[in-house]
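Single-structure report; data block below.
The values are calculated or read from the model by the stated rules, or taken from the named source; none is laboratory data. Bear in mind that the values here come from a model prediction, so they are computed numbers and not experimental data. Because the Cβ atoms are built from the backbone with ideal geometry, glycine has one as well, and the counts that use them run over all protein chains shown. Calculation scope for accessible area: heavy atoms of the full protein, side chains included, ligands and nucleic acids excluded. Shrake-Rupley method; radii C 1.70, N 1.55, O 1.52, S 1.80 Å.
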Amino acid sequence: MNKGIPYLMAALVALTLSAGWAAPVLALFDQVAACLDSGGHLDLLQLRCAPPGVTRDLMLGGWVFWLTAASVVVVVLVATRSRPPRRRRLAAP
């Protein structure tokens with residue numbers, strides 16, 4: 001008997017057993033691809049697709065977006081503000 005046949009049989013059994021969970025996972029990937037292709041947003045917690053208009057309205061109308069935008073502006077302004085040059089004092093002889 002060929003030595004590779006048991007490995008081939010083990011691989012076929014593993015593929016057969018894995019087909020039970022692979023189909024729902026692949027269906028989820030298909031659902032995500034269809035949702036993103038339509039311009040929507042996938043809510044991973046509830047596993048549902050939000051239409052594109054709802055996503056845009058929630059993002060721009062929500063306080064989290066504006067709070068994050070304001071925080072980024074403040075951090076950029078603080079990081080890029082110019083400081084006056086320091087004058088060095090010469091030691092008196």
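Considering (1) at pLDDT below 80; (2) under 18 Å from the mean Cα position of the chain (by Cα), the lone condition that A22 does not fulfil carries the number (2).
Restricted to the range 16-50, and to residues that are in contact with a strand residue (DSSP E or B) (Cβ under 9 Å, 6 or more places away or on another chain) and of a type in the set (D, E, K, R), which residue is least open to solvent (accessible area, probe 1.4 Å)?
The first filter runs over the range 16-50 and keeps only residues in contact with a strand residue (DSSP E or B) (Cβ under 9 Å, 6 or more places away or on another chain), leaving 31-32, 34-36, 38, 40-43, 48-50.
If we keep only those that are of a type in the set (D, E, K, R) as well, we get 43, 48.
Details: D43: 48, R48: 138 Å².
That would be D43.
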